Amino acid sequence: ALGKGSDLEKAFATAALVYNNSADPEGKLSKAETKSLLQTQFGGFIQGQENKPKYQEIISALDEESENKIDFEDFMLILVSLSLMSDLLQEIRNVKTTK
């Protein structure tokens, strides 16, 4: 459906598909499933962030035993938060591309 979409549209669609493929029939993930998905699909961004207080806060919230599940909107907020603190983001910003 997004064959002719922009790079940003394709990136967002990929994030949505990865989430949806892991979500339950109600479209939600448990906190443990969310943590696992982030570790397996977003490892490059979270690698080396373990000592940052904000990272620890996010992961601690996912480690709490709770019946509350994560919906797509909350998942994307976590994804953006982890992206913004990532050392990898700074490396990406330093890359210059020419088209």
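The values are calculated or read from the model by the stated rules, or taken from the named source; none is laboratory data. In this text the structure is predicted, and so the values were computed from the model without any measurement. All Cβ positions, glycine included, derive from the backbone under ideal geometry; neighbour counts span all protein chains shown. Accessible surface is based on the protein model in full, side chains and every heavy atom, while ligands, DNA and RNA are left aside. Shrake-Rupley method; radii C 1.70, N 1.55, O 1.52, S 1.80 Å.
What to note about this one:
- Selected residue (criterion: least open to solvent (accessible area, probe 1.4 Å)) from residues of region 1-53 that are aliphatic (A, V, I, L, M) and within 14 Å of Glu73 (Cα to Cα): Leu29
- Residue that is farthest from Ala32 (Cα to Cα) [pool: residues in region 54-71 that are open to solvent by less than 50 Å² (accessible area, probe 1.4 Å) and either part of a helix (DSSP H, G or I) or of a type in the set (D, E, K, R) (or both)]: Tyr55
- Residue that is nearest to Ser66 (Cα to Cα), among those in region 6-53 that are touching a Phe, Trp or Tyr at 6+ places or on another chain (Cβ under 9 Å) and part of a loop (DSSP other than H, G, I, E, B): Lys28
- Only one of the numbered conditions (1) crowded, with 16+ Cβ neighbours inside 10 Å; (2) modelled with pLDDT under 90 is not met by Ile78, and that is (2).
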